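Taken together, the values in this text are just the output of simple stated rules run on the coordinates, not laboratory data. Quick caveat: nothing in here was measured; it's all calculated off a predicted structure. Neighbour counts run over all protein chains shown; Cβ positions are idealised from the backbone, glycine included.
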DNA sequence: GCCAACGTTGGC
DNA sequence: GCCAACGTTGGC
């Protein structure tokens, strides 16, 4: 069954425009270094799942597009590369600590759904993103929440 | 740039 | 195993 997720990225690092201009509009989602998010990437996300693409730590935090999962969890090889910024000496290639998935752009929203707008929407009250101190970079979204966000974009 | 919230590290 | 110190996230 299709599941729904939200993935955060700082647009200065990797934005929706970067995804749009990627080959086949597809990218690997590497560099997640949080165990809870790792578990999600490794164990839960399946091909065909849908993703809200969220820009964080920027002028206007917002959901800016949607993506679909085209490859489920596999080891984050950047953790093994000594010179890479995502290198982690504790990750053993024989038993990787970190995982990634591949996502493909579905649509870039004409109207981003801002964090502010989402906070004003009663239907999104329970959304993980909106909880106090929520820092998870890969987080579950309910179907109803996913649909509500998309509806808000189509104004 | 500030700072609250959170996760991780490491001494004991 | 506790918990203080530290580093990071991310909204404002």
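Worth a mention:
- Exclusive hit being within 19 Å of residue A:134 (Cβ to Cβ), within 16 Å of DNA strand B (Cβ to nearest atom) and surrounded by 15 or more Cβ atoms within 10 Å (Cβ to Cβ), set A:79, A:37: A:37
- Restricting the range A:113-155 to residues that are within 22 Å of residue A:45 (Cβ to Cβ), more than 16 Å from DNA strand C (Cβ to nearest atom) and part of a loop (DSSP other than H, G, I, E, B) leaves a set whose member that is farthest from the chain's Cα centre (by Cα) is A:126.
Let's see how each residue does on (1) within 16 Å of DNA strand B (Cβ to nearest atom); (2) surrounded by 14 or more Cβ atoms within 10 Å (Cβ to Cβ); (3) in contact (Cβ under 8 Å) with a residue 24 or more places away in the chain:
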position: A:110; (1), (2), (3): no, no, yes
position: A:114; (1), (2), (3): no, yes, yes
position: A:117; (1), (2), (3): no, yes, yes
position: A:126; (1), (2), (3): yes, no, no
position: A:131; (1), (2), (3): yes, no, no
position: A:138; (1), (2), (3): yes, yes, yes
position: A:144; (1), (2), (3): no, no, no
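- Unmet criterion (only one of (1) under 13 Å from residue A:138 (Cβ atoms); (2) in contact with a helix residue (DSSP H, G or I) (Cβ under 6 Å, 6 or more places away or on another chain); (3) assigned to a strand (DSSP E or B)) for residue A:65: (1)
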